[in-house]
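Beneath this line is the structure, given in structure tokens, with notes to follow.
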Amino acid sequence: MAFHEIRFPTSLSFGSVGGPERRTEIVTLANGYEERNTPWAHSRRHYDAGVGLRSLDDVEALLAFFEARQGQLHGFRWKDWADYKSCPASRVVAYDDQPIGAGDGVQAQFQLQKIYLSGGVSYARPVTKPVLGSVKVGVQGHHRAEAVDFEVDLQTGIVSFGTAPPVGALVTAGFEFDVPVRFDTDRILVSVASFQVGDLPQVPVVEVRV
């Protein structure tokens with residue numbers, strides 16, 4: 001599967017509608033109780049890129065992006081304006097936003113992740129598409145410098161240290177990130193006349209596993 005490391009224009013994704021989807025299999029037993037299970041360890045996000053279009057220039061930019069990706073063929077980056085930082089929306093990214101592992105004196109690579117916590121239950125979401133220049137990393141409460149102490153792979157979200165963190169040292173990170181997606185259609189229908197009266201095309205976008 002080909003993936004283009006390019007972000008969908010943020011001016012077009014702003015105002016889009018979308019969010020996470022889970023898959024739950026439910027079996028109702030004879031006594032009325034239910035058994036619930038899920039084959040998915042991680043949620044999958046869906047968006048509608050058509051909602052953010054505001055002018056015919058926007059339509060032209062969307063069509064150019066769609067053609068360059070060859071419809072559903074190539075994936076790309078998407079900024080989810082509702083969830084794109086390792087910290088709450090009102091805060092600035094900091095190196096101690098999220099725990100990403102603990103040192104054992106040997107392991108030198110750690111996957112970026114964002115933890116969602118509610119009611120004492122947590123979900124760790126792997127982050128594979130961090131934004132260039134946004135990643136901050138700390139070890140045992142001390143900030144580390146990129147290109148000096150660590151490197152980050154922007155295509156996988158893996159942080160690599162030159163020297164493995166010591167045993168028991170908490171490794172933390174803060175970052176902005178994109179969602180890896182593709183178009184969920186090979187066809188876009190646009191009418192200039194209907195667009196001018198507010199009839200926006202539907203352009204579905206779906207998250208992909210990378």
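Looking for whichever is closer than 17 Å to P180 by Cα and hydroxyl-bearing (S, T, Y) here; the options are S55, S16, S11. Which one fits?
Result of the check over S55, S16, S11: S16.
Any idea which of E60, E21 is under 15 Å from the mean Cα position of the chain (by Cα) and among the acidic types (D, E)?
Step by step, each of E60, E21 is checked, and only E21 is under 15 Å from the mean Cα position of the chain (by Cα) and among the acidic types (D, E).
Output yes when any residue across region 84-100 is open to solvent by less than 50 Å² (accessible area, probe 1.4 Å), assigned to a loop (DSSP other than H, G, I, E, B) and more than 19 Å from I158 (Cα to Cα), and no when none is.
Checking region 84-100: not a single residue is open to solvent by less than 50 Å² (accessible area, probe 1.4 Å), assigned to a loop (DSSP other than H, G, I, E, B) and more than 19 Å from I158 (Cα to Cα).
How many residues does region 109-166 contain that are in a loop (DSSP other than H, G, I, E, B), among the hydroxyl-bearing types (S, T, Y) and either out of contact with any Phe, Trp or Tyr (no Cβ under 7 Å at 6 or more places or on another chain) or closer than 17 Å to A41 by Cβ (or both)?
Counting residues in region 109-166 that are in a loop (DSSP other than H, G, I, E, B), among the hydroxyl-bearing types (S, T, Y) and either out of contact with any Phe, Trp or Tyr (no Cβ under 7 Å at 6 or more places or on another chain) or closer than 17 Å to A41 by Cβ (or both) gives 3.
Can you tell me which residue in region 157-175 is farthest from P88 (Cα to Cα), limited to those that are open to solvent by less than 80 Å² (accessible area, probe 1.4 Å) and either aliphatic (A, V, I, L, M) or touching a Leu at 6+ places or on another chain (Cβ under 9 Å) (or both)?
A164
Identify, please: which residue in region 111-156 is in contact (Cβ under 8 Å) with a residue 60 or more places away in the chain and of a type in the set (S, T, N, Q) and is, among those, least open to solvent (accessible area, probe 1.4 Å)?
In this case the residue turns out to be T128.
Would region 162-171 turn up any residue that is closer than 18 Å to E5 by Cα, touching a residue at least 12 places away in the same chain (Cβ under 8 Å) and within 22 Å of the chain's Cα centre (by Cα)?
no
If a residue must be part of a helix (DSSP H, G or I) and hydroxyl-bearing (S, T, Y), how many such residues does region 13-54 contain?
The total comes to 1.
How about region 1-46: which of its residues are hydrophobic (A, V, I, L, M, F, W, C) and either in contact with a His (Cβ under 8 Å, 6 or more places away or on another chain) or within 21 Å of V210 (Cα to Cα) (or both)?
M1, A2, F3, I6, F8, W40, A41
Within region 193-210, track down each residue that is modelled with pLDDT under 75, open to solvent by 60 Å² or more (accessible area, probe 1.4 Å) and of a type in the set (A, V, I, L, M, F, W, C).
Those that are modelled with pLDDT under 75, open to solvent by 60 Å² or more (accessible area, probe 1.4 Å) and of a type in the set (A, V, I, L, M, F, W, C): A193, V197, L200.
I'm trying to understand the selection: among the residues of region 55-70, which are assigned to a loop (DSSP other than H, G, I, E, B), at pLDDT below 95 and in contact with a Phe, Trp or Tyr (Cβ under 7 Å, 6 or more places away or on another chain)?
None; the set is empty.
Find all pairs meeting these conditions: Cβ atoms under 7 angstrom apart; at least six residues apart or on different chains; first residue within region 36-47 and surrounded by 11 or more Cβ atoms within 10 Å (Cβ to Cβ); second residue aromatic (F, W, Y).
Close Cβ pairs (under 7 Å, with a partner that is aromatic (F, W, Y)) amount to Y47/W78.
The values are calculated or read from the model by the stated rules, or taken from the named source; none is laboratory data. Not measured: the values here are computed from a predicted model. All Cβ positions, even for glycine, are placed from backbone atoms using ideal geometry, and neighbour counts span all protein chains on display. Protein only, heavy atoms only, side chains kept; ligands, DNA and RNA dropped before computing areas. Shrake-Rupley method; radii C 1.70, N 1.55, O 1.52, S 1.80 Å.
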